[in-house]
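K.L.:
Got a structure for you, questions after.
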Amino acid sequence: MNIEEIRGIPITDFLARLGHEPTARKGNEWWYSAPYREERTPSFRVNIRKNVWQDFGTGGGGDIFHLAGEFTGSSDFKEQAKFIVAAWGGVLPENGAAFRPKEKKPDEHPDEETCSVKATFGPLYNKVLLRYLEERGICSDVALPNCEEVRYTLRGKRYFNIGFRNISGGYELRNRLFKGSLSPKDISLIDNGSDTCNLFEGFIDYLSWMVLGLGCGDDYLVLNSVALLERSYGFLDKYDHILCYLDRDEAGRRTLEILRKRYGNRIEDCSSLYKGYKDLNEYLQHRDGNPE
């Protein structure tokens with residue numbers, strides 16, 4: 001793709017490819033919760049006619065390249081282009097061990113560069129992190145064997161995250177205020193030698209599946225982003241049966257359609273289990289009478 005072709009990608013389609021759907025549509029203006037930071041009230045607007053975006057929470061905005069800069073934390077044009085093309089084609093770039101925390105305060109500069117930090121890893125003992133998982137219906141008996149505690153210091157502040165390892169040695173990171181990753185970004189696979197694979201978008205849904213006790217002894221593959229779907233093919237190709245627990249949203253439906261075209265009747269859509277809920281974790285929380 002050349003520069004103009006990249007710039008012509010509809011930002012709304014690009015966001016959908018990354019798993020972000022609008023919260024409201026008003027004429028040419030589509031509203032979202034900011035896709036690269038945490039917020040309670042959606043303040044991110046895309047003008048679909050001009051194909052530009054504006055984040056009223058930070059004052060940022062621009063075209064798809066500026067948006068890629070927010071995701072990658074890089075002002076380098078080549079890195080932004082690489083991210084867009086890779087995500088659009090199904091594979092995210094690997095750009096070093098770097099964090100870009102979203103716990104930014106309103107007075108912090110919105111255009112901070114990615115900060116490379118040294119992380120340490122260990123057993124998940126932090127009570128705040130375990131309490132966060134418990135609030136989402138995930139008990140420590142499931143969390144401890146599957147997750148790690150990732151610690152790092154950034155700009156003089158200490159951070160603690162739940163870490164879920166991928167096959168390339170990177171981690172998906174979560175806590176109550178933060179959703180991000182430690183590069184390299186990749187899928188996660190638990191291979192038990194089964195001919196059946198359970199497929200999830202994120203590791204919270206995988207942990208929810210474990211809590212619900214929906215299976216034992218099968219293999220499990222966590223995409224960690226629907227944009228990484230193509231990376232999963234080399235693993236999924238070998239399975240006779242693929243059970244899909246994808247989000248009940250547009251991105252999840254598109255992913256399921258792509259999988260059906262490739263694997264046919266080897267695919268089974270299991271989302272009817274949590275009909276009426278966005279994903280498996282939301283279903284788990286409501287089933288336990290503890291909605292998020």
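What follows is calculated from the coordinates using simple rules that are stated; it is not laboratory data. Everything quoted here is computed from the prediction, not taken from an experiment. Don't worry about glycine lacking a Cβ; one is built from the backbone with ideal geometry, like all the others, and counts go over all protein chains shown.
K.L.:
With a 10 Å cut-off between alpha carbons and a GNM built on the chain, which of Leu130, Leu259, Leu214 moves the most?
P.N.:
It is Leu214.
K.L.:
Could you check the spin-label model distance between Lys50 and Leu273? Points 7 Å from the Cα along Cα→Cβ, value in nm.
P.N.:
For the pair Lys50/Leu273, the computed spacing is 4.6 nm.
K.L.:
To continue, here is another question. List, in the order given, every pair from Lys179/Lys261; Lys50/Lys278; Lys78/Lys238; Lys127/Lys179; Lys26/Lys82; Lys50/Lys82 whose Cα-Cα distance in the structure shown is over 29 Å.
P.N.:
Working: Lys179/Lys261 31 Å; Lys50/Lys278 31 Å; Lys78/Lys238 36 Å; Lys127/Lys179 18 Å; Lys26/Lys82 31 Å; Lys50/Lys82 23 Å.
Check vs 29 Å cut-off fails for Lys179/Lys261; Lys50/Lys278; Lys78/Lys238; Lys26/Lys82.
K.L.:
Another question, if that's okay. Above 17 Å lies some portion of the pair distances; for the stretch 128-256, what is it as a whole percent of all C-alpha pairs?
P.N.:
Numbers: 4852 of 8256 pairs.
Tail fraction, whole percent: 59.
K.L.:
Could you tell me what percent of the DSSP beta bridges with both partners in the chain are antiparallel, to the nearest 5? Walk me through the intermediate numbers first.
P.N.:
Numbers: 35 of 47 bridges.
Roughly 75 percent of the DSSP beta bridges within the chain come out antiparallel.
K.L.:
Whole Å is fine, so just give me how far the alpha carbon centre of the stretch 1-23 lies from that of the stretch 151-203.
P.N.:
25
K.L.:
Pop a pseudo-label 7 angstrom from the Cα along the beta-carbon direction at both Ser140 and Arg266 and give the gap in nm to one decimal.
P.N.:
Between Ser140 and Arg266, the label points sit 4.1 nm apart.
K.L.:
Rg and Dmax of the stretch 195-292, using alpha carbons, in Å: what are they?
P.N.:
Every Cα atom of the stretch 195-292 included, Rg and Dmax give 12.9, 39 Å.
K.L.:
Between Asn28 and Arg254, what is the FRET efficiency for a Förster distance of 22 Å, r being their Cβ-Cβ separation, to the nearest 0.05? All intermediate terms of the calculation are to be shown ahead of the outcome.
P.N.:
Details: r = 23 Å, r/R0 = 1.05.
After rounding, the FRET efficiency stands at 0.45.
K.L.:
Considering just Cα atoms, how many Å³ per residue does the convex hull of the chain enclose?
P.N.:
139
K.L.:
Counting helices only, and only those DSSP H runs with n ≥ 4, report the 222 nm mean residue ellipticity of the chain as the sum of -39,500 (n - 2.57) divided by its residues, in deg cm²/dmol to the nearest 500. Show your work: numbers first, answer last.
P.N.:
Values: 10 runs with 90 residues, N = 292.
Using -39500 (n - 2.57) per qualifying helix, the result is -8500 deg cm²/dmol.
K.L.:
Right, another one. Using 1/(1 + (r/R0)^6) with R0 = 22 angstrom and r between the beta carbons of Glu4 and Asp76, what's the FRET efficiency to the nearest 0.05?
P.N.:
Details: r = 19 Å, r/R0 = 0.87.
The value I calculate is 0.70.
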